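Below is one structure, written out as structure tokens; comments come after it.
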Amino acid sequence: MTEAIKRRVRTVESYVEQEVGTLSFTNAQSKLLHRFSEELAALGGPQSSSANAKACDGATELKRSFSDDQNALLTAYSDGLVSLLIFDGLQRITDASPPAQLPDLAALEERHDVLCLAGRNQILLKLVDNSAFAYDMDNEGKLVRLVANFKGGGLTVIHDEPTIKELSSHSGLALGPHTEAPYWCAVNAERGHSPSPSSLILSALWNPGLEPTLVIPLPPILEKIGITHSLALTTPNFQFTRSDSFVDGKGEDGRNVSILQFDEKVGWAARFNSYRFSLQDNASHLVARAYAALCQTIGEANPVKFTLTQESAMIINNVRALHCRDVIKDNRRVLVRIFGLSKFSSPIVISEDPLLLRG
Ligand SMILES: [Fe+2]
């Protein structure tokens, strides 16, 4: 490698590093978080109507215990300036090993350790001023989604492996780089649809194969494709297909959306899905070139890899970073996911507590 290329690689790497923050909990902070998580689980987890207030109390008390540096990192994320925030040093929830077979979804959802992890995620979201929520048309309207191979497509077949695999977090298939749906808008409600999630938080109940979650911060990608291509991506020349995770009969394909948008509060915000987005036929040559450059640059990106366990969690800024994963290798892997709504977002609210939005 020539010196010039080496320098350029170093620059890109340090740029990506700035996009990733790690907040390490001290033992005392971790115990305090665990106590609040247990209390939230006892209430029934994030789906309970008193969970939001409890998560707020927990976050407020935790913030008092944080150092100036820890609080500065939380503020930077809250202000939309960080792509990925990793929490480590968290307490293990349970020492029980995963069973040989993945339990069914309904049984998993009721487990105390799952409710505890979900409650913890809700508190961690509150630390960055994000509120846990669900969409009416996704995940049966529930706040907590368990990410695991319930529907086949992993490296090892499951019992009753279906022939047609669902391309969603409930299957074992590899998922290419994407932000979370819906894709109509990213910050303010448009055309009767709420914006896409501001954040998603993930932690692991079990990850015996230590399979990583991959994140691609977008600022270095946009820097690389340049201003003309970035501007072209703000035009409404893109379409997307309906997500497999949507409730039957709800959600739809969409047209005339942009990939990037400027917002007065956030700066810019992105929506993209490598396996659901495409260029519309009427798009101009310049937009087509910009889209090709974006896809190529994302394809060449070196994702940030992080292996989730019970002792960690990650919040992905869903308007500033893509995420993806390889095919699931160990079918016992279970992640606990919740969406977060930031202080910048203006959705269409169906009910306040628990927070349910029109998708
Ligand atoms: Fe995803």
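Here, each number is a calculation from the coordinates, and none is a lab measurement. None of these values were measured; they are calculated from a predicted model. Neighbour counts run over all protein chains shown; Cβ positions are idealised from the backbone, glycine included.
Tabulated data for the structure shown
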| read-out | value |
| --- | --- |
| 17 Å Cα-Cα reach of LYS165 towards lysines, excluding residues that sit fewer than 8 places from it in its own chain | LYS151, LYS329 |
| Set of lysines with alpha-carbon distance to LYS54 below 25 Å, sequence-local pairs under 8 removed | LYS31, LYS63, LYS126, LYS142, LYS343 |
| Antiparallel bridges, percent of DSSP beta bridges restricted to the chain (to nearest 5) | 85 percent |
| Kyte-Doolittle mean at least -1.0 and Cα axial length at least 18 Å: DSSP H helices in the chain | 3-18, 27-43, 51-65, 112-127, 285-300 |
| Alpha carbon convex hull of the range 3-357, volume per residue in cubic angstrom | 144 Å³ |
| Cα centre as origin, Lys/Arg/Asp/Glu Cβ charges: the range 3-357 dipole, Debye | 640 debye |
| Contour minus Cα-Cα distance for ILE348 and THR307 (0.36 nm per residue) | 11.3 nm |
| Positive-end residue, the range 3-357 charge dipole about Cα centroid, Cβ charges, pick of PRO99, ASN256, PRO197 | ASN256 |
| Efficiency of FRET from Cβ geometry, THR228 and GLN280, R₀ 22 Å, rounded to 0.05 | 0.70 |
| Distance-filtered residues of the range 295-338 - backbone nitrogen under 16 Å, label point 7 angstrom along ALA107 Cα→Cβ | 331-334 |
| Cα centroid separation - the range 198-268 against the range 72-115, whole Å | 22 Å |
| Mean Cβ count within 10 Å, highest first, over the residues of peptides 30-38, 111-119 | 111-119, 30-38 |
| Distant-in-sequence amide H partners of ASP263 (H built 1.01 Å from N, under 5 Å) | TRP268, ALA269 |
| Neighbourhood net charge (12 Å Cβ-Cβ; Lys/Arg +1, Asp/Glu -1) for ARG333 | 0 |
| Ranked packing of 227-239, 123-135, 331-343, most packed first, by mean Cβ within 10 Å | 123-135, 331-343, 227-239 |
| Two-site label geometry, ASP88 and PHE262: point separation in nm, points 7 Å out along Cα→Cβ | 3.9 nm |
